[in-house]
Each structure stands twice: as C-alpha cells, then as structure tokens.
Amino acid sequence: MKKIAILQSNYIPWKGYFDIIDQVDEFIFYDEMQYTKNDWRNRNKIKTQNGLIWLSIPCETKGHISEIQRICDTKIVDKKWAKKHWASIQNAYAKAPYFKQYKDMFEDLYLGKEEEFLCEVNYKFIKAINNILKINTKLSFSQDYGLIEGKTERLVDLVQKAGGTEYLSGPAAKDYIDEKLFQDANIKLSWADYSGYKEYSQLYPPFEHGVSILDLIFNTGDDAINYIRNKTNE
C-alpha cells in the first residue's frame, strides 16, 4: 500500500498543507500547472499586533491571459522581498515562546541564497519545515514522471507512475475530480479533512486557524506536529 498526494507548491503554507504531506508516503509537487496570481502559490498570512497581514513574493506574470505560465517557470521579480518578509516575521513573532529557538534557521532561509524561481523558494521552505515537524514523507515533482492530458486522468497516471494505491486529495478538488476514473484504476480516493484542529496559545487574539504554519511553530515549538495530527474529531 502506498498513499500519494499531488498539490501545487505554496509559500509557507498553513498547517492543513503539512497535514496532507504527513499522511502520505509520497508528496508530488504539481508545479507544471498554471500559475495563478494572488493565490497561495506566492503568498500567505501571518498574525500581527495590527491583525492579519499578507506576505507576498512579487512574481512576473505574462501579459496576456491566453499565455500559459507554469508555476515552475514563474520568476521572482524583486530581490528585496526576503528581507521585507523576514522583518515582518520578526516584528510579529519576536515575543512568541519559541521564536528564538527557530530564529537562526529561518533567518538563514530568508537571507541566504537568492532563488530565481518561486517554486525553488516554496520547496526550500516546505522541506525545512518538514524537518522541524519531523515529517519524513518523500518529496518529488510532477516533472519527474511526465504528464498526460486530462485533469483527473493525469492525477491517476501520476499515482500509477509513483506506484501508488491510494490518492489523498484536498477537499477543493471535489469540484472537478472524476471519482470513477480512480475506481476504474483500482486506486482508493480519500479526501483530506481540515476540521477538528485544536486551538493553541496564539499571540494577538482572537484565534485564527488559516495562517502560515510559522505561527504554529513559533507558538508551540516541538509540539507543533501534535496540533496537526491530534484532532478533536478523531
């Protein structure tokens, strides 16, 4: 039995993203898909004293909507973004209980090597955060396997090429996934459930679930993974 998940890379994603990674044997970055502006690919939210703010990586976009721009081809256009984001994170979380524990690591992620492509940044952060959470899931890329045509067909094909017997999907994909194609391929289709996450001691009430995983890490430290795995509805 081998469980697979396939998702576009996101920038410092929320805990639900890592919940999916944690539940599968192999997580495939689906960055050959169309880049969408003002989406989770290049931005996320953090909590601050003045409420929620967006941290957005400035990326190039093609001039015409008809032009295909894949996530894996999307370039970063302003090299100052990393210093700005790190300054905002320091201001927001300096008083968090575990900020000092992870400060040097994240400072190096932000102020170290400058990546040219958005997908490189996303992968770098996701890999580092997996290490913090002690998630050992194999990370791979859709480019490793090649894509066929058809929204659901290519997902089924990727799972088969990766040797998978089960596919874990985000709930939003219910709008377009053809479940019968998974049945015909003898692949079990499961849906991620984002309900039941426990609240933790979070700066600047009221509590907000839908923020970057950085919030959970800086506020709970080594215990962060338990707030992802242990849900009230399980």
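Below, the figures for the structure above:
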item: Ranked order, Trp54, Trp86 - accessible area, probe 1.4 Å, largest first; result: Trp54, Trp86
item: Fraction of accessible area attributable to carbon and sulfur, the range 85-234 (%, probe 1.4 Å); result: 47
item: Solvent exposure, largest accessible area first (probe 1.4 Å, DNA, RNA and ligands not counted), of Arg70, Arg41; result: Arg70, Arg41
item: Spherically averaged projected area in nm², based on the convex hull that wraps the Cα atoms of the range 1-148; result: 10.2
item: Compactness index (Cα Rg / 2.2 N^0.38 Å), the range 157-210; result: 1.65
item: Largest-first ordering by accessible area, 1.4 Å probe, given options Trp40, Trp14; result: Trp40, Trp14
item: Heavy-atom accessible area per residue - the range 106-170, 1.4 Å, Å²; result: 46
item: Glu107/Lys138 FRET efficiency (R0 30 Å; Cβ-Cβ; nearest 0.05); result: 0.60
item: Listed pairs Lys79/Lys151; Lys2/Lys124; Lys15/Lys188; Lys3/Lys84; Lys15/Lys83; Lys80/Lys151 exceeding 28 Å between Cα atoms; result: Lys79/Lys151; Lys3/Lys84; Lys80/Lys151
item: Percent of alpha-carbon pairs separated by more than 16 Å within the range 68-145; result: 60
item: Relative contact order (percent, whole number), the chain, Cα cutoff 8 Å, 6+ residue spacing; result: 29
item: In Å, descending, principal axis extents of the Cα set of the range 132-234; result: 47, 26, 22
item: Distant alpha-carbon pairs in the range 11-73 (separation over 20 angstrom), percent; result: 42
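The values are calculated or read from the model by the stated rules, or taken from the named source; none is laboratory data. Everything quoted here is computed from the prediction, not taken from an experiment. Because the Cβ atoms are built from the backbone with ideal geometry, glycine has one as well, and the counts that use them run over all protein chains shown. Please note that ligands, DNA and RNA were not included when accessible areas were found on the heavy atoms of the full protein model with its side chains. Shrake-Rupley method; radii C 1.70, N 1.55, O 1.52, S 1.80 Å.
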